[in-house]
Amino acid sequence: EIRAELEQKGHKFSSQTDTEIIVHLFEENLKGADCALSAFKGTIDRLIGSYSLLLITKGESDKIFYAKNGSPLIIGRDDSQGDIYFASSSSPLLGIVDEVCYLEDGAFGFMDRTNFSALPKIQKLVGTKLSAQKEGYRYFMEKEIYEQSKVLKDTLAGRINGDKINLDIDDSFFDGVESITLCACGTSHNAA
(Lines give C-alpha, C1' and ligand atoms only; values in the text may rest on other atoms or scores of the structure.)
Protein backbone atom coordinates (compact mmCIF):
# COMPACT_ATOMS: atom_id res chain seq x y z
CA GLU A 1 0.00 0.00 0.00
CA ILE A 2 2.71 2.44 0.99
CA ARG A 3 4.81 1.61 -2.06
CA ALA A 4 1.89 2.23 -4.43
CA GLU A 5 1.11 5.50 -2.67
CA LEU A 6 4.73 6.65 -2.99
CA GLU A 7 4.96 5.60 -6.65
CA GLN A 8 1.92 7.79 -7.36
CA LYS A 9 3.87 10.67 -5.82
CA GLY A 10 6.79 10.05 -8.19
CA HIS A 11 9.09 7.87 -6.09
CA LYS A 12 11.14 5.36 -8.10
CA PHE A 13 12.18 2.09 -6.45
CA SER A 14 15.22 0.01 -7.33
CA SER A 15 14.38 -3.07 -5.22
CA GLN A 16 11.50 -5.03 -3.74
CA THR A 17 12.62 -4.56 -0.13
CA ASP A 18 10.53 -3.12 2.67
CA THR A 19 13.63 -1.22 3.78
CA GLU A 20 13.67 0.85 0.61
CA ILE A 21 9.98 1.68 1.06
CA ILE A 22 10.71 2.91 4.59
CA VAL A 23 13.47 5.22 3.34
CA HIS A 24 11.24 6.66 0.61
CA LEU A 25 8.42 7.15 3.12
CA PHE A 26 10.81 9.01 5.40
CA GLU A 27 11.92 11.22 2.49
CA GLU A 28 8.28 11.99 1.68
CA ASN A 29 7.48 12.79 5.31
CA LEU A 30 10.57 14.98 5.57
CA LYS A 31 9.14 17.32 2.90
CA GLY A 32 6.41 18.56 5.24
CA ALA A 33 8.08 18.08 8.62
CA ASP A 34 9.70 20.67 10.84
CA CYS A 35 12.52 18.28 11.76
CA ALA A 36 13.87 14.82 10.96
CA LEU A 37 12.52 13.33 14.23
CA SER A 38 9.00 14.42 13.32
CA ALA A 39 9.37 12.86 9.84
CA PHE A 40 10.77 9.67 11.38
CA LYS A 41 7.85 9.46 13.84
CA GLY A 42 5.41 9.88 10.95
CA THR A 43 7.21 7.10 9.12
CA ILE A 44 7.14 4.54 11.93
CA ASP A 45 3.50 5.39 12.67
CA ARG A 46 2.65 3.94 9.25
CA LEU A 47 4.56 0.68 9.71
CA ILE A 48 2.88 -2.60 10.62
CA GLY A 49 4.79 -5.66 11.80
CA SER A 50 8.13 -6.38 13.41
CA TYR A 51 11.14 -4.19 12.85
CA SER A 52 14.27 -2.67 14.31
CA LEU A 53 15.27 0.41 12.37
CA LEU A 54 18.26 2.70 12.28
CA LEU A 55 18.24 5.71 9.99
CA ILE A 56 20.81 8.38 9.20
CA THR A 57 19.90 11.49 7.23
CA LYS A 58 22.15 14.15 5.67
CA GLY A 59 20.17 16.98 7.26
CA GLU A 60 21.02 15.81 10.80
CA SER A 61 24.08 13.66 10.21
CA ASP A 62 25.19 13.79 13.86
CA LYS A 63 22.19 11.65 14.89
CA ILE A 64 21.10 8.07 14.39
CA PHE A 65 17.33 7.64 14.51
CA TYR A 66 16.06 4.34 15.93
CA ALA A 67 12.75 2.50 16.30
CA LYS A 68 11.86 -0.92 17.64
CA ASN A 69 8.77 -3.10 17.43
CA GLY A 70 8.86 -6.87 17.89
CA SER A 71 12.52 -7.26 16.92
CA PRO A 72 15.38 -6.83 19.39
CA LEU A 73 17.37 -3.61 19.54
CA ILE A 74 19.99 -2.73 22.14
CA ILE A 75 21.89 0.53 22.47
CA GLY A 76 25.27 0.43 24.24
CA ARG A 77 27.89 2.99 25.24
CA ASP A 78 31.61 2.70 25.80
CA ASP A 79 32.14 5.00 28.80
CA SER A 80 35.82 5.65 28.09
CA GLN A 81 35.33 6.90 24.53
CA GLY A 82 31.64 7.82 24.60
CA ASP A 83 31.03 5.73 21.48
CA ILE A 84 27.49 4.48 20.87
CA TYR A 85 26.73 1.00 19.49
CA PHE A 86 23.54 -0.67 18.28
CA ALA A 87 22.99 -4.45 18.22
CA SER A 88 20.24 -7.06 18.22
CA SER A 89 21.75 -8.94 21.17
CA SER A 90 24.23 -8.22 23.92
CA SER A 91 26.73 -10.84 22.76
CA PRO A 92 28.54 -8.69 20.16
CA LEU A 93 28.71 -5.80 22.64
CA LEU A 94 30.60 -7.69 25.36
CA GLY A 95 34.07 -6.27 25.86
CA ILE A 96 33.17 -3.18 23.83
CA VAL A 97 30.54 -1.30 25.85
CA ASP A 98 30.08 -0.78 29.57
CA GLU A 99 26.36 0.07 29.67
CA VAL A 100 23.33 -0.97 27.62
CA CYS A 101 19.67 -0.15 27.22
CA TYR A 102 17.38 -2.97 26.06
CA LEU A 103 14.69 -1.03 24.19
CA GLU A 104 11.02 -1.88 24.69
CA ASP A 105 8.56 -2.27 21.81
CA GLY A 106 7.36 1.09 20.59
CA ALA A 107 10.62 2.83 21.51
CA PHE A 108 11.86 5.40 19.02
CA GLY A 109 14.03 8.49 19.03
CA PHE A 110 17.52 9.51 18.06
CA MET A 111 20.92 8.89 19.54
CA ASP A 112 24.00 11.06 19.46
CA ARG A 113 27.09 11.20 21.67
CA THR A 114 25.34 13.29 24.32
CA ASN A 115 21.94 11.72 25.05
CA PHE A 116 22.62 8.09 25.98
CA SER A 117 22.02 8.88 29.65
CA ALA A 118 18.42 9.92 28.88
CA LEU A 119 17.51 6.34 27.87
CA PRO A 120 15.36 4.35 30.31
CA LYS A 121 16.66 1.38 32.30
CA ILE A 122 20.37 1.69 31.51
CA GLN A 123 22.31 -1.19 33.03
CA LYS A 124 25.87 -2.42 33.24
CA LEU A 125 26.77 -5.07 30.68
CA VAL A 126 28.47 -8.00 32.39
CA GLY A 127 29.23 -11.56 31.44
CA THR A 128 31.00 -13.55 28.79
CA LYS A 129 30.04 -14.17 25.18
CA LEU A 130 28.77 -17.63 26.16
CA SER A 131 26.63 -16.36 29.04
CA ALA A 132 25.25 -13.59 26.82
CA GLN A 133 24.22 -16.13 24.21
CA LYS A 134 22.34 -18.08 26.91
CA GLU A 135 20.62 -14.84 28.08
CA GLY A 136 20.59 -15.81 31.75
CA TYR A 137 19.49 -19.43 31.27
CA ARG A 138 21.66 -22.23 32.67
CA TYR A 139 21.66 -24.27 29.45
CA PHE A 140 20.94 -23.58 25.79
CA MET A 141 18.18 -26.22 25.81
CA GLU A 142 16.45 -24.41 28.70
CA LYS A 143 16.69 -21.15 26.75
CA GLU A 144 15.25 -22.78 23.63
CA ILE A 145 12.32 -24.22 25.60
CA TYR A 146 11.40 -20.84 27.06
CA GLU A 147 11.85 -19.13 23.68
CA GLN A 148 9.28 -21.32 21.90
CA SER A 149 6.34 -18.93 22.27
CA LYS A 150 8.44 -15.97 21.04
CA VAL A 151 9.79 -17.97 18.10
CA LEU A 152 6.27 -19.00 17.12
CA LYS A 153 5.08 -15.39 17.39
CA ASP A 154 8.02 -14.18 15.27
CA THR A 155 7.43 -16.92 12.71
CA LEU A 156 3.79 -15.95 12.29
CA ALA A 157 4.40 -12.18 12.31
CA GLY A 158 2.87 -10.67 9.19
CA ARG A 159 1.04 -13.89 8.34
CA ILE A 160 -1.99 -13.51 10.61
CA ASN A 161 -4.99 -11.83 9.02
CA GLY A 162 -7.95 -11.70 11.40
CA ASP A 163 -8.65 -15.28 12.44
CA LYS A 164 -6.73 -16.83 9.53
CA ILE A 165 -3.06 -17.67 9.04
CA ASN A 166 -1.68 -17.01 5.55
CA LEU A 167 1.38 -19.12 4.79
CA ASP A 168 1.53 -18.00 1.13
CA ILE A 169 1.27 -21.62 0.04
CA ASP A 170 -0.69 -22.44 -3.10
CA ASP A 171 -3.48 -25.03 -2.58
CA SER A 172 -1.66 -27.41 -4.93
CA PHE A 173 1.62 -27.21 -2.99
CA PHE A 174 1.08 -30.55 -1.22
CA ASP A 175 -0.37 -32.40 -4.25
CA GLY A 176 1.46 -35.70 -4.55
CA VAL A 177 3.13 -35.40 -1.15
CA GLU A 178 2.69 -38.67 0.74
CA SER A 179 4.85 -37.99 3.78
CA ILE A 180 6.92 -35.31 5.48
CA THR A 181 10.17 -36.06 7.30
CA LEU A 182 11.43 -33.72 9.99
CA CYS A 183 15.18 -33.84 10.73
CA ALA A 184 16.44 -32.13 13.84
CA CYS A 185 18.77 -32.26 16.85
CA GLY A 186 18.42 -31.32 20.52
CA THR A 187 15.26 -29.44 21.45
CA SER A 188 14.23 -29.30 17.79
CA HIS A 189 14.36 -33.12 17.69
CA ASN A 190 12.04 -33.31 20.72
CA ALA A 191 9.61 -30.89 19.07
CA ALA A 192 9.73 -32.80 15.76
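The values are calculated or read from the model by the stated rules, or taken from the named source; none is laboratory data. These figures come from a predicted structure and were not determined experimentally. Cβ placement follows ideal geometry from the backbone for every residue including glycine, while neighbour counts extend to all protein chains displayed. Just the protein is used for accessible areas: all its heavy atoms, side chains included, with ligands, DNA and RNA removed. Shrake-Rupley method; radii C 1.70, N 1.55, O 1.52, S 1.80 Å.
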Per residue solvent-accessible surface (Å²) - the range 1-150, probe of 1.4 Å: 61
Cα centroid separation - the range 101-122 against the range 133-187, whole Å: 31
Sequence-distant aspartates and glutamates (8 or more away, or on other chains) whose Cα lies within less than 14 Å of Lys12: Glu20, Glu27, Glu28
Percent of beta bridges antiparallel (DSSP, the range 1-125, rounded to nearest 5): 95
Span-like helix ranges in the chain, DSSP H, alpha carbon extent 18 angstrom or more, Kyte mean at least -1.0: 18-31, 140-156
Cβ crowding within 10 Å averaged over residues, with 113-119, 38-44 ranked highest first: 38-44, 113-119
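Using only the heavy atoms of the protein chains and a 1.4 Å probe, how would Thr181, Thr17 rank by accessible area, largest first?
Thr181, Thr17
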Cross-link pairs Lys9/Lys41; Lys121/Lys143; Lys68/Lys150; Lys58/Lys150; Lys9/Lys68; Lys9/Lys58 - those with Cα-Cα distance over 25 Å: Lys58/Lys150; Lys9/Lys68
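Please sort 21-28, 150-157 by packing, taking for each peptide the average over its residues of neighbouring beta carbons within 10 angstrom, highest first.
Ranked by mean Cβ neighbours within 10 Å, highest first: 21-28, 150-157.
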Leading residue at positive end of dipole, the chain (Cβ point charges), from Phe86, Leu53, Leu30: Phe86
With 10 Å bins from 0: P(r) over the range 7-53, alpha-carbon pairs, percent: 25, 54, 20
Percent breakdown of C-alpha pair distances by 10 Å bin, ordered from the shortest bin, for the chain: 7, 25, 29, 23, 12, 3, 0
Percent carbon-and-sulfur accessible area, the chain, ignoring ligands, DNA and RNA, probe 1.4 Å: 52
